[in-house]
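Notes follow once the structure below has been shown.
The values are calculated or read from the model by the stated rules, or taken from the named source; none is laboratory data. Quantities reported herein were computed from a predicted structural model and do not represent experimental measurements. Virtual Cβ from ideal backbone geometry, glycine too; neighbours counted across all protein chains shown.
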Amino acid sequence: MTRKIIIDTDPGQDDAVAILLALASPEEIEVLGITAVAGNVPLPLTSKNARIVCELAGKTGTRVFEGCDRPMARDLVTAEYVHGKTGLDGIVLPDPQMQVQDTHAVDFIIETLRAEPAGSVTLCPLGPLTNIGTAFRKAPDIQEKVQEIVLMGGAYFEVGNVTPAAEFNIYVDPEAADIVMKSGAKITIMPLDVSHKALTTRPRIEAFRALGHVGEVVASWTDFFERFDMEKYGSEGGPLHDPTVIAYLLKPDLFTGRHINVEIELQSDLTSGMTVADWWRVTDRAPNATFMGDINAEGFFALLTERLARL
Ligand SMILES: [Ca+2]
C-alpha cells in the first residue's frame, strides 16, 4: 500500500535529493503535493526549484503549491552561503515549464487533511515549519487527522549549525516549530545527530555520478554544498539532511532513536530555536516525538543510489 505524503520544502540541494527519492519510489509513496516555503532561499526560488526538480525527475504531473514567504513572527533568515544564490547551485538546469497551483500551500494542506480519511496523510517538512504551523493555527481540527509528521530539524548532541544552539529549520521559525511540537500529532524528527552521520563521501558521490544525468546533477549539488560543509566541519563530506525523512518512510529500520519530550526555545536571544530534547529523560515532561539519534549510513546511501537509478 502506498503512503500519501505532502512534502513541505525549501529547496535547497538536499531538499531536491529528498524530492527525487520520493518521486522515484511510487510503489511506496504517493506525493499528493509539494508545498514550497521560504527558508534556504526566498519563496520565489524555493517554488521554482521544486518545479525544476519535478521536471528533472520527469514527474511534471506533480502539483507544486506556494506557501508562506516569511516566518510566523520573525524576519526571514536565508542560507545562500550554503546553497548558493539560486538555492540549487550546481549543474544549471532549465527554467521550469510547470506552473504553480492556484491554491495557497496552507489551504492545500488544510483541504487535503480534511478531504482524505483521518490518519492517511503524512506531512514531510524539510524546511522551516511555517506552512505547517500556519495551517495548524488556522485549522486546529486537522492536527488529529495527520498520520505522522516526519521532519528534518533540530539537534541534541550536535547542537546548532546556524547558531551555537540552534539548527537552521527550527531557528528560522521557532514559533511554527513550537505549534507543531505541541500539536499532539505523531512526530518523528531527523535532527543533525542523524544527518551529520550521512556524509557525502567520495565513493558515495561517484556512485551517484555513474548513474547518468540525474545522478550527475545530484553529484554536482553535493559537490557544491560540501565545499562549505567540509571547511566548516572538517568532515569527509557534507551532511545530506533532508533525504533522511523520505528514507525513513521507505526503510525505517535504517534509523534508531528515542521517544522523548522535545520543546522549542522561544525566548532566549542566546538559544532561540534550540530543540530542548529530553534525551536522558531527566524531566517528567510527556514524550511528544521520536527523536532519531543514529542512521545506517551505508544502507541509506545504497537506498538513495538504487532509487535515483530509476529516474
Ligand atoms: Ca530543507
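Filtering the stretch 156-187 to residues that are within 16 Å of the ligand (Cβ to nearest atom) and of a type in the set (Ser, Thr, Tyr) leaves only TYR171. Among (1) modelled with pLDDT under 95; (2) touching a strand residue (DSSP E or B) at 6+ places or on another chain (Cβ under 7 Å), which single condition is VAL82 missing? Result: VAL82 passes all but (2).
Considering the stretch 187-207, and only residues there that are under 17 Å from LYS251 (Cβ atoms) and among the hydroxyl-bearing types (Ser, Thr, Tyr), the residue that is surrounded by the most Cβ atoms within 10 Å (Cβ to Cβ) turns out to be SER195.
Among the conditions (1) more than 14 Å from the chain's Cα centre (by Cα); (2) within 15 Å of the ligand (Cβ to nearest atom), ASP10 misses just one, which is (1). Screening LYS138 against (1) in contact with a helix residue (DSSP H, G or I) (Cβ under 9 Å, 6 or more places away or on another chain); (2) surrounded by fewer than 24 Cβ atoms within 10 Å (Cβ to Cβ); (3) under 30 Å from GLY215 (Cα atoms) leaves a single unmet condition, (3).
As for the stretch 199-219, it holds no residue that is touching a strand residue (DSSP E or B) at 6+ places or on another chain (Cβ under 7 Å) and within 15 Å of the ligand (Cβ to nearest atom). Checked against the criterion of being surrounded by fewer than 17 Cβ atoms within 10 Å (Cβ to Cβ), of a type outside the set (Phe, Trp, Tyr) and within 25 Å of PHE300 (Cβ to Cβ), the candidates GLU28, GLU80, GLU111, GLU116 yield just one match: GLU28. One residue alone among THR86, THR130, THR134, THR103 is away from the ligand (no atom under 16 Å from the Cβ) and in contact (Cβ under 8 Å) with a residue 40 or more places away in the chain, and that residue is THR134. Against the list (1) crowded, with 21+ Cβ neighbours inside 10 Å; (2) out of contact with any Ser or Thr (no Cβ under 6 Å at 6 or more places or on another chain); (3) of a type outside the set (Asp, Glu), the condition LEU303 fails is (1).
Okay, residues lined up against (1) in contact with a Gly (Cβ under 6 Å, 6 or more places away or on another chain); (2) within 14 Å of the ligand (Cβ to nearest atom):
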residue: ASP15; (1), (2): no, yes
residue: PRO26; (1), (2): no, no
residue: GLU30; (1), (2): no, no
residue: GLY39; (1), (2): yes, yes
residue: LEU45; (1), (2): yes, yes
residue: ALA57; (1), (2): no, no
residue: THR60; (1), (2): no, no
residue: GLY67; (1), (2): no, yes
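Is the stretch 57-71 home to any residue that is surrounded by 16 or more Cβ atoms within 10 Å (Cβ to Cβ) and over 23 Å from ALA135 (Cβ atoms)? Among the residues of the stretch 57-71, at least one is surrounded by 16 or more Cβ atoms within 10 Å (Cβ to Cβ) and over 23 Å from ALA135 (Cβ atoms), which makes the answer yes.
Scanning the stretch 258-278 for residues that are among the hydroxyl-bearing types (Ser, Thr, Tyr), in contact with a helix residue (DSSP H, G or I) (Cβ under 9 Å, 6 or more places away or on another chain) and either exposed (fewer than 13 other Cβ atoms within 10 Å of the Cβ) or modelled with pLDDT of 95 or more (or both) turns up at least one hit. Screening the candidates VAL276, VAL245 for the property of being of a type in the set (A, V, I, L, M, F, W, C), within 29 Å of GLN147 (Cα to Cα) and not in a helix (DSSP H, G or I) yields one hit, VAL276. Within the stretch 138-155, the set of residues being within 15 Å of the ligand (Cβ to nearest atom) and in a loop (DSSP other than H, G, I, E, B) comprises GLY153, GLY154, ALA155. Only one entry in MET98, MET72, MET1 is in contact (Cβ under 8 Å) with a residue 24 or more places away in the chain, under 21 Å from VAL146 (Cβ atoms) and more than 15 Å from the ligand (Cβ to nearest atom), namely MET72.
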